[in-house]
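K.L.:
The structure's right below; bear with me while I get my questions together.
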Amino acid sequence: MEEPLRIIGDGVGQPDWAPPVELTEKDLVAMYRSLVILRTFDERAVSLQRQGRLGTYALYWGEEATHAGPLHACNDSDWLFPTYRQNSIGVLRGVKAATILAWWRGYGGAHGFYQVREHRVAPICVPIATHLPHAVGLSWAAKKRGDGICALTWLGDGATSEGDFHEAMNFASVYKTPTVLFCVNNQWAISTHVSRQTATPTLVEKCVAYAMPGLRVDGFDVLACWKATKEALDRARAGDGPTFIEAVCYRIGAHGTADDPRLYRDEAESERYRALEPLGRYRAYLQRLGALDDDQASDIHDEAKALIAAAVAEMEALDFPGVEILFDYVYASGRPDPLTEGLDELRSIERRPEVKPLGPQPGASPGDADPLPEGA
Amino acid sequence: MPRLNMVEGLNLALDQAMAQDDRVLVMGEDVARTGGVFRVTAGLLDKYGEERVIDTPLSEAGIVGAAIGMALYGLLPVVEIQFDTFVYPAFEQIVVHAARYAWRTRGEVPASIVIRIPFGGGVRAPELHSDSPEALFVHVPGLKVVCPTTPALARDLLLAAISHPDPVIFMEPKRIYRTGRDEVPEKAPLLLPEADGEATQLLSRARVARPGEDLVMFSYGSTVVSCCEAAQKLQDERGVSARVVDLVSLYPLDVESITGAASECGRAIVVHEAPRTAGLGAEVSSLIHERVMLDLEAPVGRVTGFDVPFPQFANEDDYIPSIDRIAAGAVKVLDF
Ligand SMILES: Cc1ncc(C[n+]2csc(CCOP(=O)(O)OP(=O)(O)O)c2C)c(N)n1
Ligand SMILES: [Mg+2]
């Protein structure tokens, strides 16, 4: 098996390669900033969940390079199709972090759903692989209109088992749509290891059957993720169709805050991967390059902390959603009669106190008091 | 007699079925190593091994389709769909194939599979983990649809479903998975593989969850529990004696029990969490009106989920029929 594309060395055995020539020092630092924002968001979300201020949360600690790298390769007009794992990607496109946090707090409506066209970010997709045909369709439409707009969509290793994945791959390659399918192979789908998910040694070879170009990169390396996506987008914009990218990494954290990986894997392995995590590794690389000094780095961290702290405050200041939220926008054309009747019925009943997200959730001991699911 | 919650009751049923009959196997996403996200299949891998307790790839159509093929060969697969909403990718396998195999082979090879689906809200789950899709399956000829409400019933029904020749959609109300404990007799109520008749009986009977005579509430799943509480509230506040009938079998409906209870009480409501339009409430209500209208003092009422997508969890208590809403619905019928 060929080694995945890697640019950032690990400071020990793996050598550094020069950053892609298209990237200025400013770009390199901007990418660092994105990683820091994503990391700060994620760590904060986990702690909010532990404090009972969010519901179950799907953390992505260690996978930030697979979010920020591809995003930075995109034009601002390109569309993004994230899953729950890339839940905060919209923040890098101007979505309020408070909105994403509110979504995890169980808020819908304007509190928890963002404006997708304004940000060119599709709603966070929960059912595995079901958003992939949408990314194909959107970019196909853009191609028909000659707009030079591409779609970038994420999927997990597990998602490659779903029919929708294969249907999306096929449509994309038949119609040569400007689509990038960015597959984060973190080696786990909840408790199922990728080796039980597929009999192929790699995921990238799936694209052979669709006559689609494929690239395999180090998913802990933000520059490798950037470079592969850039190459794919250039090809897409030139009219040469879709690309499948496999970013090999590891799900260092749990599947979600209700999951306990000790039940199904050796956590020593996860610890070994922790050393490869993308943020520290990129920072060390930038410092070896002389592109980032300590002051700059600490300013970036402070800024991210302030941004997320403000978002948390904003989320907590949101009014608890009223009952109308159930009935608004179910139909774009307004409320049909049954919905009006439903709202009237609900308003005639005294409302009980606000729902709080459940607090800390024991992963290992599914006690009677804990009806929470493990899946996200 | 062990006191079990519903998860443990279901687990016991699977264990007993697998011990009795080596054709029974369990498959689904994350069911083997972790024992399923709700732990219903916990411990089975160690007991029965990888050939019979299978972590599948992430593919609901594959899971159900492969189960149909195994059933054709004579095995008895019990598959788990991880959450309600994730059954939709398998919809075509269920509707087109599982439901029609008996018919298309003139009874020669029914698709004898059980599809377990944890369903419904109330556990503060993230978006798209709380649907109640049962009416979609009730509408498909060829499928049996059942829903247990107590741990003991869960054990017995699951065993019955496994030994039953028709495909069974086994709806598990996840909100009450762990909320109550029951004495579950260790002795299985029926033995594989020759339990067809008994199983069919078990799978088609409603049960009285609370006695009463002034009004009857028909429900199934977790709202049965809410109905019992609403009935208590009516008793306390108005001195009304409300009966609660747990439908248990959603297809076929236990027509005799339903019409009998409606006739005896003269007033009825139907309660479910799923959206109202074309839900089970519509079916139960028209059944009663068609058969025993002259015994009624008031039209049958409905207290249901709304015709809206299941909301984000902060609002799920607004959506799920609450005790207050159920009681108000009952009062409307009482005051008619
Ligand atoms: C259609 C569907 N089936 C099942 C699930 C439950 N589920 C949530 S995440 C997950 C594993 C996904 O694994 P992968 O695609 O590798 O993505 P990762 O979680 O590792 O990012 C499963 C089975 C789901 N969300 N959607
Ligand atoms: Mg994965």
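The values are calculated or read from the model by the stated rules, or taken from the named source; none is laboratory data. These figures come from a predicted structure and were not determined experimentally. Because the Cβ atoms are built from the backbone with ideal geometry, glycine has one as well, and the counts that use them run over all protein chains shown. The accessibility values were calculated without ligands, DNA or RNA, using every heavy atom of the protein model including side chains. Shrake-Rupley method; radii C 1.70, N 1.55, O 1.52, S 1.80 Å.
K.L.:
Considering only residues that are touching a strand residue (DSSP E or B) at 6+ places or on another chain (Cβ under 7 Å) and either near ligand 2 (Cβ under 9 Å from one of its atoms) or within 21 Å of B:GLY36 (Cα to Cα) (or both), which ones fall in the stretch A:158-182?
P.N.:
A:GLY158, A:THR160
K.L.:
Quick one: in the stretch A:169-212, which of the residues that are charged (D, E, K, R) and free of Cβ contacts under 8 Å to residues at least 24 places away in the same chain is least open to solvent (accessible area, probe 1.4 Å)?
P.N.:
Initial filter on the stretch A:169-212 (charged (D, E, K, R)): A:176, A:196, A:205-206.
Keeping just the survivors that are free of Cβ contacts under 8 Å to residues at least 24 places away in the same chain gives A:196, A:205.
Working: A:ARG196: 100, A:GLU205: 70 Å².
Filtering first and then ranking leaves A:GLU205.
K.L.:
OK, next. Could you tell me whether the stretch B:79-86 includes any residue that is within 16 Å of ligand 2 (Cβ to nearest atom), in a strand (DSSP E or B) and of a type outside the set (S, T, N, Q)?
P.N.:
Scanning the stretch B:79-86 turns up no residue that is within 16 Å of ligand 2 (Cβ to nearest atom), in a strand (DSSP E or B) and of a type outside the set (S, T, N, Q).
K.L.:
I'd like to verify a number: residues in the stretch A:213-235 that are open to solvent by less than 10 Å² (accessible area, probe 1.4 Å) and either of a type in the set (Gly, Ala, Ser) or not assigned by TED's automatic domain parsing to the domain that holds A:GLY156 (or both), how many?
P.N.:
Of the residues in the stretch A:213-235, 4 are open to solvent by less than 10 Å² (accessible area, probe 1.4 Å) and either of a type in the set (Gly, Ala, Ser) or not assigned by TED's automatic domain parsing to the domain that holds A:GLY156 (or both).
K.L.:
Moving on to the next point. Looking at the stretch A:183-217, which of the residues that are within 10 Å of ligand 1 (Cβ to nearest atom) and small (Gly, Ala, Ser) is farthest from B:GLY36 (Cα to Cα)?
P.N.:
Per the criteria, the residue is A:ALA189.
K.L.:
So how many residues does the stretch A:38-90 have that are polar (S, T, N, Q), open to solvent by 10 Å² or more (accessible area, probe 1.4 Å), away from ligand 2 (no atom under 16 Å from the Cβ) and not in a helix (DSSP H, G or I)?
P.N.:
3
Matching residues to (1) open to solvent by 40 Å² or more (accessible area, probe 1.4 Å); (2) in contact with a strand residue (DSSP E or B) (Cβ under 9 Å, 6 or more places away or on another chain):
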position	(1), (2)
B:MET70	yes, yes
B:VAL78	no, yes
B:ILE81	no, yes
B:GLN93	yes, no
B:ARG106	yes, no
B:ILE113	no, yes
B:GLY121	no, yes
B:GLU127	yes, no
B:SER132	no, yes
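K.L.:
Here's another thing I want to ask about it. Which pairs turn up if I take residues in the stretch B:15-33 that are on the phi > 0 side of the Ramachandran plot and look for partners that are in a helix (DSSP H, G or I) and crowded, with 22+ Cβ neighbours inside 10 Å with beta carbon separation below 7 Å, at least 6 apart in sequence or on another chain?
P.N.:
Between residues of the stretch B:15-33 that are on the phi > 0 side of the Ramachandran plot and residues that are in a helix (DSSP H, G or I) and crowded, with 22+ Cβ neighbours inside 10 Å, the close pairs are B:GLY28/B:ILE63.
K.L.:
Residue check, A:ALA236 against (1) away from chain B (no Cβ under 14 Å); (2) within 16 Å of ligand 2 (Cβ to nearest atom), all met but one. Which one?
P.N.:
Among (1) away from chain B (no Cβ under 14 Å); (2) within 16 Å of ligand 2 (Cβ to nearest atom), A:ALA236 violates only (2).
K.L.:
Name the single residue that is farthest from the other protein chains (Cβ to nearest Cβ) among those in the stretch A:183-201 being within 14 Å of ligand 2 (Cβ to nearest atom) and among the β-branched types (Val, Ile, Thr).
P.N.:
The selected residue is A:VAL184.
K.L.:
Listed residues A:ARG33, A:ARG6; which is assigned by TED's automatic domain parsing to the domain that holds A:LEU292 and under 22 Å from A:LYS227 (Cα atoms)?
P.N.:
A:ARG33
K.L.:
Does the stretch A:317-331 contain at least one residue that is under 13 Å from A:ALA98 (Cα atoms), assigned to a loop (DSSP other than H, G, I, E, B) and within 14 Å of chain B (Cβ to nearest Cβ)?
P.N.:
Of the stretch A:317-331, the ones under 13 Å from A:ALA98 (Cα atoms) are A:317-319.
Then keep just the ones that are assigned to a loop (DSSP other than H, G, I, E, B); that gives A:318-319.
Applying the additional criterion that residues be within 14 Å of chain B (Cβ to nearest Cβ) yields A:318-319.
Yes, the stretch A:317-331 contains at least one residue that is under 13 Å from A:ALA98 (Cα atoms), assigned to a loop (DSSP other than H, G, I, E, B) and within 14 Å of chain B (Cβ to nearest Cβ).
K.L.:
Continuing with this model, one more query. Against the condition more than 14 Å from chain B (Cβ to nearest Cβ), in contact with a helix residue (DSSP H, G or I) (Cβ under 8 Å, 6 or more places away or on another chain), on the phi < 0 side of the Ramachandran plot and surrounded by fewer than 22 Cβ atoms within 10 Å (Cβ to Cβ), how does A:LYS144 come out, does it pass? Reasoning before the result, please.
P.N.:
Details: more than 14 Å from chain B (Cβ to nearest Cβ): yes; in contact with a helix residue (DSSP H, G or I) (Cβ under 8 Å, 6 or more places away or on another chain): no; on the phi < 0 side of the Ramachandran plot: yes; surrounded by fewer than 22 Cβ atoms within 10 Å (Cβ to Cβ): yes.
No.
K.L.:
Here is a follow-up. Checking B:GLU172 against (1) open to solvent by 30 Å² or more (accessible area, probe 1.4 Å); (2) outside the structural domain of B:ARG302 (by TED's automatic domain parsing), which single condition isn't satisfied?
P.N.:
Evaluating B:GLU172 over (1) open to solvent by 30 Å² or more (accessible area, probe 1.4 Å); (2) outside the structural domain of B:ARG302 (by TED's automatic domain parsing) leaves (1) as the failure.
K.L.:
So, A:ASP157, is that one closer than 26 Å to B:GLU60 by Cα, within 11 Å of chain B (Cβ to nearest Cβ), in contact with a helix residue (DSSP H, G or I) (Cβ under 6 Å, 6 or more places away or on another chain) and open to solvent by 40 Å² or more (accessible area, probe 1.4 Å) or not?
P.N.:
Judged against the criteria, A:ASP157 is not a match.
K.L.:
Can you tell me which condition B:LEU45 does not meet? The list is (1) surrounded by fewer than 21 Cβ atoms within 10 Å (Cβ to Cβ); (2) at pLDDT 95 or above; (3) in contact with a strand residue (DSSP E or B) (Cβ under 7 Å, 6 or more places away or on another chain); (4) not in a helix (DSSP H, G or I), and all the others hold.
P.N.:
Checking B:LEU45 against (1) surrounded by fewer than 21 Cβ atoms within 10 Å (Cβ to Cβ); (2) at pLDDT 95 or above; (3) in contact with a strand residue (DSSP E or B) (Cβ under 7 Å, 6 or more places away or on another chain); (4) not in a helix (DSSP H, G or I), the one that fails is (4).
K.L.:
Let me ask another. Can A:GLY112 be described as of a type outside the set (A, V, I, L, M, F, W, C), within 16 Å of ligand 1 (Cβ to nearest atom) and buried (at least 18 other Cβ atoms within 10 Å of the Cβ)?
P.N.:
Values: of a type outside the set (A, V, I, L, M, F, W, C): yes; within 16 Å of ligand 1 (Cβ to nearest atom): no; buried (at least 18 other Cβ atoms within 10 Å of the Cβ): yes.
Criteria not met by A:GLY112.
K.L.:
Within the group A:LEU346, A:LEU358, A:LEU292, which residue is at pLDDT 95 or above, on the phi < 0 side of the Ramachandran plot and either within 27 Å of the chain's Cα centre (by Cα) or open to solvent by 30 Å² or more (accessible area, probe 1.4 Å) (or both)?
P.N.:
One residue alone meets the criteria, A:LEU292.
K.L.:
Another question about this same structure. Looking at the stretch B:24-39, is at least one residue surrounded by fewer than 21 Cβ atoms within 10 Å (Cβ to Cβ) and assigned to a helix (DSSP H, G or I)?
P.N.:
Looking for residues that are surrounded by fewer than 21 Cβ atoms within 10 Å (Cβ to Cβ) and assigned to a helix (DSSP H, G or I), one finds none in the stretch B:24-39, hence no.
K.L.:
Continuing with this model, one more query. Say we look at the stretch A:117-157 and pick out the residues that are under 22 Å from B:PHE83 (Cα atoms) and either of a type in the set (Gly, Ala, Ser) or not assigned by TED's automatic domain parsing to the domain that holds A:TYR60 (or both); which of these is nearest to ligand 2 (Cβ to nearest atom)?
P.N.:
The qualifying residue nearest to ligand 2 (Cβ to nearest atom) is A:GLY156.
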